[in-house]
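Heads up, the thing below is written out as structure tokens.
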Amino acid sequence: MGHGRGAARPGPGHGVRARVRALGAPGLAAKPIVDIQVSVRDVDDEAAYAPAIENAGALRMREPALYWVMDHSTVTPPRGLVWAVLSFAIFVAALFAVLPILAVVNWFADLPHLTEMAVWSVVWGGLSLTGVLIAARLAFNTWLPLSPIGIAIAVIGIALSAIVHVVLQQWEIARFGVPEPEYVGWTAGLFAVLIALATAAFGVFLAPKQVIGWPLAAVLLGCAGVAVIVLSSVPGLRDGIADDSWPLAIWVGLSGLYALSVVALVLHRAVGRVRVAR
């Protein structure tokens, strides 16, 4: 089942395509839906053709060997720039929206400080992901299909941000008596960079191949930010790690591993889509 102009090339031995029928009649308004048959050697061997079809922008339906392809006619590089700008604007606005949301929550339930820090990351991340979807709808005049991998990467990143935020606050209170960003330098912003990285990765797995460059660039920038923060902590290792600093050191290290893993996954995604496009 195809929607719009989408067409997939499943690979050697596959891809004899034919338009089966259009859901419309002369003189009558109809939805722009076209049924397309893609011939394959063995319909049960989905591993042989499914990756190429999905990389082409198709979304797997519940029924076996049935896919939905969005109309990419409105997905152009200029609109991709609009999507990127809107997504960034919503990302920044979401940060300022967290404080009034926390104020409302505390009106009904007095949250402990560390719980507030965790909620901060979760709310900011959730609003940012929602913003990416809404920005895409505004820019492309269509909803982009969600990717389970993209959702998983985003959820992990937001959860990691919340944990880092709480652990860092605990460490500051234990070490200095109060949470003070000036005492920890660049590490104070690690939770925010993780939110940005998770949001950008979500965008990579959401984006059609025509505009994948924008969220990909944001992922690379976010990874660079995590690298700078992690490497800024390396000189302190010469004096050893105090017992009360191990939890923070572990989660900062895991943040670095997360960033590297995200870059590997999004590059694999981007390269796969470029190959399919060719």
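What the table below lists for this structure:
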item: FRET efficiency, A159 to L81 (Cβ-Cβ, R0 30 Å, nearest 0.05); result: 0.45
item: For a label point 7 Å along the Cα-to-beta-carbon line of L260, residues of the range 194-227 with backbone N under 12 Å; result: 227
item: For the range 162-176, Karplus couplings with θ = phi - 60° (6.51, -1.76, 1.60), whole Hz, Gly/Pro x; result: 4, 5, 4, 4, 5, 4, 5, 5, 4, 5, 5, 5, 5, 7, 10
item: Selection from P148, W120, F91, by position along the positive dipole direction of the range 77-277 (Cβ); result: P148
item: Paramagnetic label zone (point 7 Å from Cα along Cα-to-C-beta, A152; backbone N under 17 Å) in the range 200-234; result: 201-206
item: Förster-model FRET efficiency, 25 Å R0, W186 and I101, C-beta, rounded to 0.05; result: 0.40
item: Hz values of 3J(HN,Hα) by residue in the range 178-195 - Karplus curve (6.51, -1.76, 1.60), Gly and Pro given as x; result: 9, x, 9, x, 4, 7, 10, x, 4, 4, 4, x, 4, 4, 5, 5, 5, 4
item: Per-residue HN-Hα couplings for the range 76-93 [Karplus 6.51, -1.76, 1.60; θ = phi - 60°; Hz; x = Gly/Pro]; result: 10, x, x, 5, x, 5, 4, 4, 5, 5, 5, 4, 5, 4, 5, 4, 5, 4
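Every number here is computed from the coordinates shown, using simple stated rules; none is lab data. Since this is a predicted model, take the numbers as computed values, not measurements. Here the Cβ is made from the backbone with ideal geometry for all residues, glycine too, and neighbour counts use every protein chain on show.
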